[in-house]
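Note sheet for the following structure.
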Amino acid sequence: MRSMSSLDISVVVEEISEKIQDARVDKIYHHIPDEIRIRLRGNERIDLVIEAGVRFHPTKFPKVSPRFPSSFAMLLRKHLENARIASVEQHSFDRVIVLSFEREEKKHVIGELFSKGNVILTDDDFRVIMPLKHRIKIGSVYSFPDPRPDPRKIKNSRELRNIICDREVVRGLALNLGTGGLYAEEILERAGVDKSKKCEELSDEEAERILIAIHEIYLPEEIKPHIVLDQGRFIDFQPVELLKYDKFDRKYFDTYWEAIDTFFSSKTVQKVQEIERKSETLERLKARYRNQIEAKKRFENEVKRLRRTGDLIYENYQRIEAIHSAFKKAVESRGWKDVAEIVEKEKKKGNLKEIIRLIPEENAIDVEIDGFMIRLWLRKSIHEIADEYYSKAKKFREKLEGVMKALRKTQEEMERAEELEERKLLSSVRVTRKREWYERYRWYITSEGYLVVGGRNAEMNEEIVSKHMEKYDLFFHTETPGGTVAILKNGQKAGKKSIAEACEFAAIYSALWREGKFSGEVYYVLPEQVKKAAKAGEYLQRGSFFIEGKRNYRRVSLKAAVGVDLKNLRLVGGPVDGVAEHSDYYAVLEIGDTDINGISVQVAKKLAEMAREDERHIVRGIATPDEVARFLPPGKSRISSLHSIQKQ
């Protein structure tokens, strides 16, 4: 992915310095893994993005805030919330930005946009408080990269030669001057100098032309912020027009940061958000799980500490009562000020070592007994003080029980999230193809090649009958209310096998499967027997029909299949015989105990696993869980068998 260059950073810093100067930090977010977003409030609300190793700019398209902040985000909030931005600077024309904040004391946020990058919080002396990536030691002084030549400050061709002339001109510009390959070639093209030319072969005139070209790019009279497009696809962003992109379209912006923001938003936000939705749920749950484990340990320790403190009070009852009584009388007779002076004098003599502090506002003292801090409230008796600690221990025990319950819930959610991860992985590749008109409905091709179409809901049932049922078709439905209306196209010309499979189709996608019935009755009639209008005094629900005349009944067993048709790059589903005829790989389903979400993942996974190595990626693209779900019967199912058909 394109990351911001030194030139990009310098332009953006110049554009936004006044915009964010004196703004205050409202909130800070961490978008896993490397993006920090600082929300500022001033004359307007500004979201400032720092993505380690990639970019730094305001954004008009902030991502949805994470539901749970990371520990790094919490630390930044602790140190920077409501802080004023004192300055934003680029360090030595390098890919490093320094944001300075002022609150009680000055802090810095350093953004490294080179290589894999980092975001580091430091104090005023650049001592590291916390890095995003732990490649820097906490407490160490941050070491900025060594200064590099600044193309904007080269005054003459002799100075230029000193910088670049230990290798080929193009390499000298790219590496020694730090322009990078794109700008190095652009500079030489503008200067009319062959990029393969040796540095020592440069004439004075050529060196001057190179210097002029450098200044045209790095010190332009006017910047022209734009995005470069190739057939409507964003491929780059630039502050100046490059000869390399003369044959490409350009989209211009008022400011360069808006161009960069639009580029990254359009190129990456959708993909990043999909990845985050895939991983963020698990990461959040794992973070929650870790926090709950820490809370569990903390509550367990508090329960032990508070109980032990209560026990110590009784184990040292006489000693504690003596201290308590002495201080109570002293305070009542002389007041806290005099008592504090007495304690201070005695401590200087080496006495009263067990007295840790006085707390006049609580009318209490802290004492240390066997390494435990005990607060003695002078208005309470020793028994009441001990009870206070036991009561607190009980409250923490209740919190501990709550955390244990929450832990179990988190574990269950993690299991569900892992299933969702698998669903998303199986859905990562899709095959694009033209769909037939009937594929918006339920559909099936019989083993004899006849089409069966069924409704997915009451509205579709009506639509199939009114729009798609024709003179030579057959109409199918279960005797049990609820389910698909099925039409066997040209059914009056079809064989008995196709009629039998159409009956199975109507039964599979009816209430029979949902109710867990392994067989049921289906009838079929001619199109002219199907009436939308009910008899006088009767009412037909939406998607229902009145049947005139004799019905043809057939009892069928409920068993379904879902398979992959590689020739047509599609899934097929319905009765087993037809699916087997038109599939390369298929799974047979029976009524079971797994819901549609679960069984769709299982079927998609099994079909991919069955496929040959050279076909697996195609099968995975066809048999996504969402696509599989379109062919599943209503209700719960299980996989009874798997089949691979070796076709000639």
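The values are calculated or read from the model by the stated rules, or taken from the named source; none is laboratory data. All values derive from a computational prediction rather than experimental measurement. Note: ideal-geometry Cβ built from the backbone for every residue, glycine included; neighbour counts use all protein chains shown. Please note that ligands, DNA and RNA were not included when accessible areas were found on the heavy atoms of the full protein model with its side chains. Shrake-Rupley method; radii C 1.70, N 1.55, O 1.52, S 1.80 Å.
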Exercise. In whole Hz, what ³J(HN,Hα) sequence does region 519-531 give by Karplus (6.51, -1.76, 1.60; θ = phi - 60°), x for Gly and Pro?
Worked result: 7, x, 9, 10, 10, 9, 9, 7, x, 5, 7, 8, 10
For this session: Round to a whole angstrom and tell me the spacing of the C-alpha centers of region 449-463 and region 547-601.
Result: 15 Å
For this session: Compute the acute angle (0 to 90°) between the alpha-carbon long axis of helix 204-218 and the principal axis of greatest extent of the alpha-carbon atoms of the chain; round to the nearest 10°.
Result: 80 degrees
Exercise. Helix 6-20 versus the longest principal axis of the chain: what is the Cα-based angle in degrees, 0 to 90, to the nearest 10?
Worked result: 70 degrees
For this session: Straight distance only, please: which aspartates and glutamates reach the Cα of LYS251 with their own Cα at less than 18 Å, same-chain residues fewer than 8 apart left out?
Result: ASP8, GLU222, ASP230, ASP236, GLU241, ASP261
Problem set entry | Residue-normalised accessible area of the chain, expressed per residue, 1.4 Å probe, Å² | 52 Å²
Seminar exercise, completed: Mean 1/r over distinct Cα pairs of region 205-272, inverted to a Kirkwood Rh in Å, yields 13.2 Å
Exercise. Considering the dipole of the chain built from charges on the beta carbon (Lys and Arg +1, Asp and Glu -1) around the Cα centre, which of VAL572, ALA207, THR446 is farthest to its positive end?
Worked result: THR446
For this session: Measure nothing fancy, just the Cα-based angle from helix 71-80's long axis to the longest principal axis of the chain, in degrees from 0 to 90, nearest 10.
Result: 40 degrees
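Can you tell me which of 239-249, 202-212 comes out highest on packing, and rank the rest after it, using the mean Cβ neighbours within 10 Å?
Details: 239-249: 15.0, 202-212: 16.9.
Output ranking for 239-249, 202-212: 202-212, 239-249.
May I ask you to give the average projected area over all directions of the convex hull of the Cα atoms of the chain, in nm² rounded to one decimal?
Working: hull surface 199.1 nm².
If you wrap the Cα atoms of the chain in a convex hull and average its projections, you get 49.8 nm².
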For this session: Please state, rounded to one decimal and in Å, the Kirkwood hydrodynamic radius that region 16-158 gives when every pair of distinct Cα atoms enters the mean of 1/r.
Result: 15.7 Å
Problem set entry | Share of Cα-Cα pairs in region 57-131 lying beyond 15 Å, as whole percent | 61 percent
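What Kirkwood hydrodynamic radius, in Å, does region 450-593 give when the mean of 1/r is taken over all pairs of distinct Cα atoms and then inverted?
So the Kirkwood estimate lands at 15.6 Å.
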Exercise. What percentage of the solvent-accessible surface of the chain, computed with a 1.4 Å probe over protein heavy atoms, is contributed by carbon and sulfur atoms?
Worked result: 47 percent
